[in-house]
Amino acid sequence: MYNSIVIRNGEVSIKGINRPVFEKRLIKNIRRAFHGLEGYNVYKGDGRIYVDFEEEVGDEIMRRLKNVFGVMSFSPSIKTESGYQLAKDTALAHYNEVIERTGAKTFKVTARREDKSLPMTSPEMSRDIGAYILSHSKNPLKVDVKNPDIHLFVEVREKNNIIYSEKEQGVGGLPVGVNGRAMMLLSGGIDSPVATYMIAKRGLWIEAVHFHSFPFTSEKAKEKIERLAKQLSLYTEGIRIHMVNLLPIQTEISESCPQELMTILSRRFMMRIAEKLALETVCSCLATGESIGQVASQTVEGLQATNSVVKEVPVFRPLISFDKEDIIREAKKIDTFDISIIPEEDCCTVFLPKRPATKPKMEKIRNAEENLDIETLVASAIEEREIREIGMLKW
């Protein structure tokens, strides 16, 4: 029965003079989400975004629309030619269909008159359509204006009518791309994929850097990262991953520095490399999946030690106050959890100290790093990286 969708775009609608920029990006992202499908049309009209579609692609279009950042909610609807009587008859038919499908007991009609040539006001039309339904339906329901089982919306326009009663929730947020680009430190664990999702939800494209320790970590560990990126690309419009081998740096740290500083010194190198890559790829920030106190390197002192090497871009940590159960819940919601718990080694388990420093002293860290050729190690790691593109489309 449905042949159109009314899209509500949440935050986009309050962006003032910048609203057209956000809407243009959202429309482009919606079209991208429908890649490979035919028989639809996405367009803006009357301050909202609409999708008209042919019946055979309707279910798939609605499934994909739920993953598009910037879509707060949407309503599958029936679009007809204009005309008040046609609007009433279509509303009646939709009312009967919903009753049969849901077993509803109460209803309400809200009409919206956009065709100002009609003599009735919107409230008068609401009452008239409600009365028409009650007098013509074989299953007249009780009217409930406060909490109805069916809330029927009837929009009467100059060129067409729109009738709908259901609302599907989208993921909300802002359209990917309206706030620039972020360099994400993406591991194979539970946390960083969730942080990636949350950063993308605020309108940022994702570049990612993944650190591995091949051959101490296997090719399967890289494949796991690609699986995570593929799942995340359902929301992020694809991810470019910079695969960086950290093993040469870890070996130098292990041979030249105190064992208890291995983790924090490795993290400092990761942040240095990530910042270099961010500047190279025009990213305006770094982002990580860290939260306070979760592991030894994520104490306040540890985070301060890693932050101090980043000089030119901010570091965002969207999970900073989350506990593990919060993160797991989000990972399950976005379907990354089952991939994240696949048992594969990552670079953080290589040369793992028995007693890692939890409150590292900056003086001790700097003294240890004097034994390392930092610039050469960073430059070599970047030069030797692999780049893989997951889920990216050319437009």
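The values are calculated or read from the model by the stated rules, or taken from the named source; none is laboratory data. In this text, all values refer to a predicted model and were calculated from it rather than measured experimentally. Neighbour counts are summed over all protein chains in view; Cβ atoms, including those assigned to glycine, are modelled from backbone coordinates with ideal geometry. Only protein heavy atoms, including side chains, enter the accessible area calculation; ligands, DNA and RNA are left aside. Shrake-Rupley method; radii C 1.70, N 1.55, O 1.52, S 1.80 Å.
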Under 17 Å from the Cα of LYS108 - aspartates and glutamates, other chains or at least 8 residues apart: ASP89, GLU97, GLU100, GLU124, ASP128, ASP144, ASP149, GLU155, GLU166
Structure-derived Cα extents along the principal axes in Å: which label, when the choices are [x] 87, 38, 36; [y] 66, 56, 39; [z] 73, 42, 34: [x]
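Return the equivalent ellipsoid semi-axes of region 160-234 as a descending list in whole Å, where each equals the square root of 5 times an eigenvalue of the C-alpha gyration tensor. Kindly include the intermediate steps, with their values, before the conclusion.
On the way: eigenvalues 229, 43, 17 Å².
Gyration-tensor ellipsoid for region 160-234: 34, 15, 9 Å.
Expressed in nm to one decimal, what extension gain is obtained for the pair GLU386 and LYS167 from 0.36 nm per residue of sequence separation less their Cα-Cα distance?
Details: separation 219, 0.36 × 219 = 78.84 nm, distance 4.39 nm.
Gain on extension, GLU386 to LYS167, equals 74.4 nm.
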Pairs from LYS24/LYS333; LYS24/LYS201; LYS79/LYS142 whose Cα-Cα separation, in the structure shown, is over 20 Å: LYS24/LYS333; LYS79/LYS142
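Of all DSSP beta bridges in the chain, what percent run antiparallel (nearest 5)?
On the way: 31 of 57 bridges.
Within the chain, antiparallel bridges account for around 55 percent of the total.
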Residues of type aspartates and glutamates that LYS324 reaches as a straight line, Cα spacing below 13 Å, ignoring anything fewer than 8 places off in the same chain: ASP191, GLU290
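If R₀ is 45 angstrom, what is the calculated FRET efficiency for the pair LYS333 and SER256, using the beta carbon separation as r and rounding to 0.05?
0.55
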The chain: angle of helix 262-280 to the longest principal axis, Cα-based, in degrees nearest 10: 60
Signed unit charges on C-beta, dipole axis of the chain, positive-most listed residue PHE34, HIS94, ALA278: HIS94
Principal-axis tilt of helix 374-383 within the chain, Cα atoms, nearest 10 degrees: 50
The chain, helix-only ellipticity at 222 nm - DSSP H runs n ≥ 4, -39,500 (n - 2.57), divided by all residues, nearest 500: -12000 deg cm²/dmol
Choice from MET120, MET183, MET262 with maximal GNM fluctuation in the chain (Cα, 10 Å cutoff): MET120
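Would you list ARG31, ARG317, ARG8 from the most to the least accessible area, probe 1.4 Å? Before the final figure, lay out each step's value.
Details: ARG31 100, ARG317 35, ARG8 60 Å².
The ordering from most to least exposed comes out as ARG31, ARG8, ARG317.
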Alpha carbon Rg of region 281-337, scaled by the compact-globule rule 2.2 N^0.38 Å: 1.27
THR251 accessible area, assembled protein chains, probe 1.4 Å, Å²: 50
Ordering of 300-308, 61-69 by packing [mean C-beta count within 10 Å, highest first]: 61-69, 300-308
Whole-Hz ³J(HN,Hα) from phi, Karplus 6.51 cos²θ - 1.76 cosθ + 1.60, for region 312-321, glycine and proline x: 10, 9, x, 10, 9, 10, x, 9, 4, 9
Tilt relative to the chain, helix 84-102 - C-alpha long axis, 0 to 90 degrees, to 10: 60
